[in-house]
Amino acid sequence: MNYGFIGFGHLATAIYQGLKNEKDIHFAYFDPMRKNVELPFLQPEELTAFADVIFLTVKPQDVVSVLEQLRPLRREGKIIVSPVAGKSIAFIENYLGKDQPIVRIMPNLAIAYKKSVTAFATHHPNNENVNEIYRVLTKLGKVVKIDENHFDLFTSVFGSGPAFILAFLNVFRNKIREFNLPESEIDELLVQLTEGTLSYFSENHSRCSIEELIRNVTSKGGTTEAGLNYFYEHQMDRLIEGVLEAAKNRSIEMSKMS
Ligand SMILES: NC(=O)c1ccc[n+]([C@@H]2O[C@H](COP(=O)([O-])OP(=O)(O)OC[C@H]3O[C@@H](n4cnc5c(N)ncnc54)[C@H](OP(=O)(O)O)[C@@H]3O)[C@@H](O)[C@H]2O)c1
């Protein structure tokens, strides 16, 4: 199959990175700025003719101009894949028609390392090529079919989530600058902390809840308990929930913009 990216920024690069060794997929892209990348650059008309699968990897504010550009072009049998935050399948159908198979996805940048958690929705669940795209995405991490009305929360937790987790880690990072270690060593320590925590979680989650895993590393009257008391007394759990709500609400707002 031929995959074409309209817009070749962060996400398209990550998807390409994750898929570039697939033997049966050929790639090309269009972007206003020609990029220094190994895949062919094609003008939008050529790209649309080339691609069986067209990825709309542009920012939400640019998607209307792309859809207007696609509207008059021959698109029979082609699948449109949109990761665009806040833009529904119905929104895209308004430009391309209801017969156009559209797949809405919400991945994150870990798709480059085949570790994305990707939401998947379509109005054409019986289309063979749509199901093939689902199968290909499962090679790039976990894929979950969800109702489109859950995409705003999914975008907040799994699309923006890596940035929130990194912002949390950055607080740790700024604190351990007190050690006066080289910056790269600080990063390595944080990577180890994160990987160790994730291994502890992934090895044990099938038999222990997160609360139990926290209890297992919390001695009565100890340092972890002191930190956690501060965490809950200052309602940091509520604050973090607020972060997720803010991102979700922004996704809802964006879905109302034309
Ligand atoms: N990044 C993520 O982690 C992530 C995760 C999930 C979903 N998404 C969604 O994926 C989409 C792309 O995000 P991104 O982070 O990859 O954005 P990005 O890095 O800004 O990439 C978008 C690219 O599209 C180009 N572009 C602008 N107008 C265009 C047009 N008319 N035709 C073709 N290309 C055009 C941009 O060029 P200029 O820079 O010159 O304008 C840029 O190179 C967004 O809608 C976002 O909601 C992103």
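The values are calculated or read from the model by the stated rules, or taken from the named source; none is laboratory data. Worth saying up front: this structure is predicted, and the values here are computed from it rather than measured. Counting neighbours? That spans all protein chains shown, and the Cβs are built from the backbone with ideal geometry, glycine included. What goes into the accessible areas is simple: the full protein's heavy atoms, side chains included, and nothing from ligands, DNA or RNA. Shrake-Rupley method; radii C 1.70, N 1.55, O 1.52, S 1.80 Å.
Things to note:
- Residue-wise HN-Hα couplings along the stretch 2-19, as the Karplus relation 6.51 cos²θ - 1.76 cosθ + 1.60 with θ = phi - 60° gives them from phi, are 9, 10, x, 9, 9, x, 10, x, 4, 6, 4, 4, 5, 5, 4, 4, x, 10 Hz; Gly and Pro carry x.
- Exposed loop sites here mean GluC sites (Glu not before Pro) with a DSSP loop assignment and at most 15 other beta-carbon atoms within 10 Å; the chain contains its longest site-free run at 77-258.
- Semi-axis lengths (Å, descending) of the ellipsoid that matches the C-alpha gyration tensor of the chain: 39, 20, 18
- If you run the Gaussian network model on the chain, springs between alpha carbon atoms under 10 Å, then out of 176, 105, 79 the most flexible one is 176.
- Measuring nothing but how far apart in sequence close Cα pairs (under 8 Å, 6+ apart) lie, relative to its length, the stretch 1-114 scores a relative contact order of 29 percent.
- Only beta bridges with both residues in the stretch 2-151 are counted; by DSSP, about 15 percent of them are antiparallel.
- In the chain, Cα pairs under 8 Å separated by at least six residues give a relative contact order of 16 percent.
- Cut-off under 5 Å, modelled amide H: who pairs with residue 58 long-range: none
- Loop-resident trypsin sites (Lys or Arg not before Pro) (DSSP state other than H, G, I, E or B) in the stretch 132-169 with no more than 15 further Cβ atoms inside 10 Å of their Cβ: 139.
- Share antiparallel - DSSP beta bridges, the chain, percent rounded to 5: 15 percent
- Of all the options 121, 247, 226, the one that moves most in a Gaussian network model of the chain with Cα springs shorter than 10 angstrom is 226.
- What the phi angles of the stretch 75-86 give under the Karplus curve with 6.51, -1.76 and 1.60, with θ = phi - 60°, is a coupling list of 10, 4, x, 8, 9, 9, 10, 10, x, 5, 4, x Hz, glycine and proline written as x.
- Against the main long axis of the alpha-carbon atoms of the chain, helix 128-138 sits at an angle near 30°.
- Within the accessible area of the chain (1.4 Å probe), percent carbon and sulfur: 55 percent
- Annotation: amide H of residue 103 within the under-5 Å range of 80, 81, 82, sequence separation 5 or more or interchain, hydrogens built in the peptide plane.
- Taking Cα atoms only, the orientation of helix 161-176 departs from the longest principal axis of the chain by about 40 degrees.
- Qualifying lysines (Cα of each under 16 Å from Cα of residue 115; at least 8 residues distant if same chain): 20, 139, 142
- Residue 43 sits among other residues whose Cβ lies under 13 Å from its own Cβ, and their net charge, with Lys and Arg +1 and Asp and Glu -1, is -2.
- The packing ranking, built from the mean of other Cβ atoms within 10 Å per residue, places the peptides 97-103, 69-75 in the order 97-103, 69-75, highest first.
- Listed values for the stretch 239-256 are Karplus-derived 3J(HN,Hα) couplings in whole Hz (6.51 cos²θ - 1.76 cosθ + 1.60, θ = phi - 60°), namely 5, 5, 4, x, 4, 5, 5, 4, 5, 4, 5, 5, 5, 5, 4, 5, 6, 8, and x replaces Gly and Pro.
- Each Cα pair under 8 Å and six or more residues apart adds its sequence gap; the mean of these over the residue count of the stretch 67-148 is a relative contact order of 26 percent.
- Gyration tensor verdict on the stretch 113-176 (Cα atoms; rounded if a/c is under 1.5, prolate if a/b is larger than b/c, oblate otherwise): oblate
- Choice from 41, 168, 55 with maximal GNM fluctuation in the chain (Cα, 10 Å cutoff): 168
- Neighbours of residue 136, meaning other residues whose beta-carbon lies under 15 angstrom from its beta-carbon, give a summed charge of +2 when Lys and Arg score +1 and Asp and Glu score -1.
- Between the Cα long axis of helix 223-233 and the first principal axis of the chain there is an angle of about 60°, rounded to the nearest 10.
- Charge tally for residue 58 (other residues, Cβ to Cβ under 11 Å; Lys, Arg +1; Asp, Glu -1): 0.
- Accessible surface, per residue, of the stretch 74-194 when the full set of protein chains is kept, probe 1.4 Å, Å²: 55 Å²
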